[in-house]
1. If you take the Cα atoms of region 164-232, find Rg, then find the Kirkwood Rh from the mean of 1/r over all pairs, what is Rg/Rh?
2. Just to verify a number: FRET efficiency for Asp152 and Gln109, C-beta to C-beta distance, R0 = 30 Å, to 0.05?
3. When only Cα pairs under 8 Å and 6 or more residues apart are kept, what is the percent relative contact order across region 72-147?
4. Tell me, what HN-Hα J-couplings in whole Hz come from the Karplus equation 6.51 cos²θ - 1.76 cosθ + 1.60 at θ = phi - 60° for each residue of region 168-176, using x for Gly and Pro?
5. Taking springs between alpha-carbon atoms closer than 10 angstrom, which of Arg188, Arg139, Arg65 fluctuates most in the Gaussian network model of the chain?
6. Tell me whether region 82-122 comes out rounded, prolate or oblate; compute the Cα gyration tensor, take square roots of the eigenvalues as a ≥ b ≥ c, and use a/c under 1.5 as the rounded threshold.
7. When the distances between all Cα atoms of region 94-232 are binned every 5 Å from zero, what whole-number percent does each bin get?
8. For Ile205, list long-range residues whose amide hydrogen, built 1.01 Å from N in the peptide plane, is under 5 Å from its own amide hydrogen.
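No lab work stands behind these numbers, since they all come straight from the coordinates. Because the structure is predicted, anything quoted here is derived from the model rather than measured. Note that we place each Cβ from the backbone using ideal geometry, even for glycine, and neighbour counts take in every protein chain shown.
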Amino acid sequence: MNESRSDDIKEKSCCSSPTESVITNDLLEHWNKVYEDSVVSNLGWYEEDPEPSMRMIDLCNLDKRASLLNVGAGATTLVDVLVGAGYQNIIANDLSAHALDKLKDRLGQESSKVNWIIDDLTRPCKLNEIGSVDLWHDRAVLHFFNAEAERDSYFDLLKRLVKKNGFVIIAAFHLEGAPKCCGLPVHRYDAGMLHGRLGNDFALIESFDYTYVMPSGDHREYVYTLFKRNNS
């Protein structure tokens, strides 16, 4: 990890209490180890083609200059697809610098077209400074937040950042899905539960259940949801 990325993580940690910092550091160590020790294409959530997410993004009919925030990006191929599609204001966030390093290396020179933010969604620092966004995209991050306080922080941040008439895409483990991912317990959802957390300011535009086939051949059940924020 280079000096600038270490500084990013230190800045994030200073926003937490001592107890919260221990929790964050444990998760940071976990995810850094996952991305250090694994070939990205072998990870249990790796998508060669992020078609379900792009299906939802296409429904938003966003301008190419719209601000697209991909939270918990990891080494997702979605960023490659968005860059290739000509989107000009892509923000990729993750807790792990090692995950984003993998993505940067894959993008090569195209990585300069992305704004990279290392930050914790449940104890944000830098994400509080980015201004409003047209799209919040989350595939397989929210379900790792098992504590109510973590979920409250996540949705508080989302509601602060998403513009009026902006969009939210959340893909999480379905109620019928696996109880764990990558050795960690998950909190599972259906579309109604997600709508309940977002509240009446957000309208559910589209949702579907999706069976994801892991690189190992195992199946994982997801729910994909698309919401639009009201203009009020």
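1. Rg divided by Rh gives 1.05.
2. Details: r = 40 Å, r/R0 = 1.32.
Efficiency at R0 = 30 Å is approximately 0.15.
3. Answer for region 72-147 is 31 percent.
4. Coupling constants for region 168-176: 10, 10, 10, 10, 9, 4, 6, 3, 8 Hz.
5. Ranking Arg188, Arg139, Arg65 by mean-square fluctuation puts Arg65 first.
6. Verdict is oblate for region 82-122.
7. Spelled out per bin, shortest first, that is 2, 9, 17, 20, 20, 18, 11, 3, 0, 0.
8. Those lying under 5 Å, H to H, from Ile205 are Leu226, Phe227, Lys228.
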